[in-house]
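Have a look at the structure below before the remarks.
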Amino acid sequence: VIGRGAQLVPSTRNVGGRSVSVPMTIGEFVLIGEGAIVRAAFVGSCVQIGTRAAVGEGTVVKDGVAIEADAVVPEEAVVPPLTRARGPLATPWTMERLHESSLQEFQDDAKRCYEHVLASECLSETQQA
């Protein structure tokens, strides 16, 4: 589910002096909050990206990740599985490990949002929790 005003922007690579777009891969049960900007190369399954969060170009977001509202994940970062990223510059020092049950919780949240007619309302509720 993609929130209102969210942007999914493909990453680019320099190949032979030319800028080439790299396809973005997004897994299942992913929630992207309103106004978020995602330039990741890969977003795994059971991922929640918060309202107004920014995910840098070429970043790899593994399964079971929660990127909090307003967090900024830098370019080319790798966010490990079962991790919560937070803060104005989400680095390994500002990330915390999540319990394995988070995968099921994120999947249930996504299913609940898919069932709503107005996904933006559901995304707002999820990001406030």
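The values are calculated or read from the model by the stated rules, or taken from the named source; none is laboratory data. Remember, predicted model here, so these are calculated numbers, not experimental data. Note that we place each Cβ from the backbone using ideal geometry, even for glycine, and neighbour counts take in every protein chain shown. Accessible surface areas use protein heavy atoms only, side chains included; no ligands, DNA or RNA. Shrake-Rupley method; radii C 1.70, N 1.55, O 1.52, S 1.80 Å.
For region 73-83, the criterion of being touching a strand residue (DSSP E or B) at 6+ places or on another chain (Cβ under 9 Å), closer than 21 Å to ARG112 by Cβ and polar (S, T, N, Q) is met by no residue. The single condition from (1) surrounded by 18 or more Cβ atoms within 10 Å (Cβ to Cβ); (2) hydrophobic (A, V, I, L, M, F, W, C); (3) modelled with pLDDT of 90 or more that VAL78 fails is (1). With respect to the conditions (1) over 10 Å from the mean Cα position of the chain (by Cα); (2) under 25 Å from ARG4 (Cβ atoms); (3) open to solvent by 60 Å² or more (accessible area, probe 1.4 Å), GLY17 lacks only one, and its number is (2).
Within region 45-65, can you find the residues that are crowded, with 24+ Cβ neighbours inside 10 Å and part of a strand (DSSP E or B)? Correct list: VAL47, GLN48, ILE49, VAL55, VAL61. Based on what the data block shows, is PHE42 under 12 Å from PHE106 (Cβ atoms) and open to solvent by 40 Å² or more (accessible area, probe 1.4 Å)? When the stated conditions are applied, PHE42 does not pass them.
Take the residues in region 20-31 that are in a strand (DSSP E or B) and within 12 Å of GLU57 (Cβ to Cβ); name whichever of them is farthest from the chain's Cα centre (by Cα).
SER21
Residue check: is ARG84 open to solvent by 70 Å² or more (accessible area, probe 1.4 Å) and not small (Gly, Ala, Ser)? Taking the combined requirement at face value, the residue does not satisfy it. Only one of the numbered conditions (1) in a strand (DSSP E or B); (2) open to solvent by 20 Å² or more (accessible area, probe 1.4 Å); (3) touching a residue at least 24 places away in the same chain (Cβ under 8 Å) is not met by GLU34, and that is (1). Quick one: in region 1-14, which of the residues that are more than 15 Å from GLU76 (Cα to Cα) and aliphatic (A, V, I, L, M) is most open to solvent (accessible area, probe 1.4 Å)? Per the stated criteria, the residue is ILE2.
Filtering region 84-129 to residues that are in a helix (DSSP H, G or I), modelled with pLDDT under 75 and of a type in the set (A, V, I, L, M, F, W, C) leaves TRP93, ALA119, CYS122, LEU123.
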